[in-house]
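The values are calculated or read from the model by the stated rules, or taken from the named source; none is laboratory data. Since this is a predicted model, take the numbers as computed values, not measurements. Cβ sites come from the backbone with ideal geometry, for glycine too, and all protein chains shown count toward neighbours.
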């Protein structure tokens, strides 16, 4: 008797994670916070990235306010949006008005979303007086992400 083996490509059975890119000017604060939050809240559903139109470095206060809620973004880097133009991004979310205006056109069919969020950045020093502004930014972004996830959930149910 011959035995027949069936091979199942699990990638065909599992839906592909959507690639989400958060964009701001410096990729230091808002986009990094958003990157960390979405990865934590729905990393099983999305591949999450962040980039800047003029990347700099991840701000130490961004790292600190995320650490307060148990999310480690200390390993993140500040990347250029150019690195993601041809990487199959599904959703590009700009989190500042400057990035929304300066965002290049993606060659693929990328869904664009814009959230106008004030920049907590007031300098590179770790100034404890800035912590509340960064916390407020984190909470605003968290609300936007919760709404985004609800939208995505509804879309998947339709």
- Those residues that are within 19 Å of residue 52 (Cβ to Cβ) and in a loop (DSSP other than H, G, I, E, B), I need them from the range 113-158; list them, please. 115, 116, 117, 118, 119, 120, 121, 122, 123, 124
- Query: Can residue 124 be described as at pLDDT 95 or above and either over 14 Å from the mean Cα position of the chain (by Cα) or farther than 18 Å from residue 47 by Cβ (or both)?
  - Reply: no
- Only listed residue being touching a strand residue (DSSP E or B) at 6+ places or on another chain (Cβ under 6 Å), assigned to a helix (DSSP H, G or I) and either at pLDDT below 95 or crowded, with 17+ Cβ neighbours inside 10 Å (or both), chosen from 100, 40: 100
- Message: For the range 60-90, give me the residue count where each residue is in a strand (DSSP E or B) and buried (at least 17 other Cβ atoms within 10 Å of the Cβ).
- Response: 0
- Being modelled with pLDDT under 95 and buried (at least 17 other Cβ atoms within 10 Å of the Cβ), is that true of even one residue in the range 131-141? no
- Output the qualifying pairs, or none if there are none: Cβ atoms under 6 angstrom, residues six or more apart or on different chains, first residue in the range 65-88 and over 22 Å from residue 54 (Cα atoms), second residue surrounded by 13 or more Cβ atoms within 10 Å (Cβ to Cβ). 65/134; 65/135; 65/138; 66/36; 66/73; 71/36; 71/40
- Return only the number of the condition from (1) surrounded by fewer than 20 Cβ atoms within 10 Å (Cβ to Cβ); (2) assigned to a strand (DSSP E or B); (3) touching a residue at least 60 places away in the same chain (Cβ under 8 Å) that residue 93 does not satisfy. (1)
- Item | Qualifying positions in the range 109-123 - within 25 Å of residue 147 (Cα to Cα) and surrounded by 12 or more Cβ atoms within 10 Å (Cβ to Cβ) | 110, 111, 112, 113, 114, 115, 117, 118, 119, 120, 121
- Determine if the range 108-115 includes at least one residue that is touching a residue at least 60 places away in the same chain (Cβ under 8 Å) and farther than 15 Å from residue 35 by Cα. no
